[in-house]
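Notes to accompany the following structure.
The values are calculated or read from the model by the stated rules, or taken from the named source; none is laboratory data. From a predicted model like this one, the values you see are computed outputs, not experimental measurements. Cβ placement follows ideal geometry from the backbone for every residue including glycine, while neighbour counts extend to all protein chains displayed.
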Amino acid sequence: MKRFFVLMLAGLLCSSAASAQGWLDAMKRVATDAIDQATGGKLTEKAIVGTWNYSAPGVKMNSSDMLANVGGTVMESTVSEKLKGIYEKVGIVPGACTITFADDDTFSMPVKGRAVTGTYEFDPSTHAITLHVGKLKTAVTGYAYISGGNLQLVFPVDKLVSFVTAVGSKISSLSSLSTLLQKYDDVNLGFEFSK
């Protein structure tokens, strides 16, 4: 229960300048995060089924330090804004891509006029999702989270974080970023979808 109130407070603090709709969205996110945590990820497992439309970059940063997590929420929005510009340059914009998860553990995603299909496995206890791409005979593992009415599909960037941390010790302009990133156990980047 204490964690729920901390999450709610973090959501409220991070959206203090937001409009009434922003507050409502923040409350939805805190509530779905709390319910999902209380059900051991079963909410996400059931809610993932359906067709999702790309809406924004997805960023998820986790730390065992609660204060770092509160700061991470602010940092997530900054990173998301930077990713948005990068995604736009390669054509990943709202309305340009969708992904559909079926209840028979299959998925499909149109890419450049062709359907990429395969199967998926979701582990509710860890939120790990593995996409097995049929024709490519390859698997990609990331994480899926339902937050409010959105689906975040994100992938680990640990190697990138390790690189920035190592380079940051040698390049002064990256030292503040590397210091911030060292506080996080997990940094995941990807996509946010809405129905």
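The rows are residues; the columns are (1) part of a strand (DSSP E or B); (2) at pLDDT 85 or above; (3) more than 17 Å from the chain's Cα centre (by Cα).
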site	(1), (2), (3)
Lys28	no, no, no
Thr32	no, no, no
Asn53	yes, yes, no
Lys60	yes, no, no
Thr119	yes, yes, yes
Thr126	no, yes, no
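Here's the yes/no breakdown for (1) within 20 Å of the chain's Cα centre (by Cα); (2) on the phi > 0 side of the Ramachandran plot; (3) surrounded by 15 or more Cβ atoms within 10 Å (Cβ to Cβ):
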| position | (1), (2), (3) |
| --- | --- |
| Ile86 | yes, no, no |
| Ile92 | yes, no, yes |
| Gly95 | yes, yes, no |
| Asp104 | no, no, no |
| Ala115 | no, no, no |
| Leu136 | no, no, no |
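Specify which of the listed residues (Lys170, Lys183) is assigned to a loop (DSSP other than H, G, I, E, B) and either modelled with pLDDT under 60 or not basic (Lys, Arg) (or both).
After ruling out the rest, the residue left standing is Lys170.
Evaluate segment 153-166: report whether one residue or more is at pLDDT below 80, small (Gly, Ala, Ser) and part of a helix (DSSP H, G or I). The answer is yes, given that some residue of segment 153-166 is at pLDDT below 80, small (Gly, Ala, Ser) and part of a helix (DSSP H, G or I). Before we move on, is Lys89 touching a strand residue (DSSP E or B) at 6+ places or on another chain (Cβ under 9 Å) and at pLDDT 80 or above? When the stated conditions are applied, Lys89 does not pass them.
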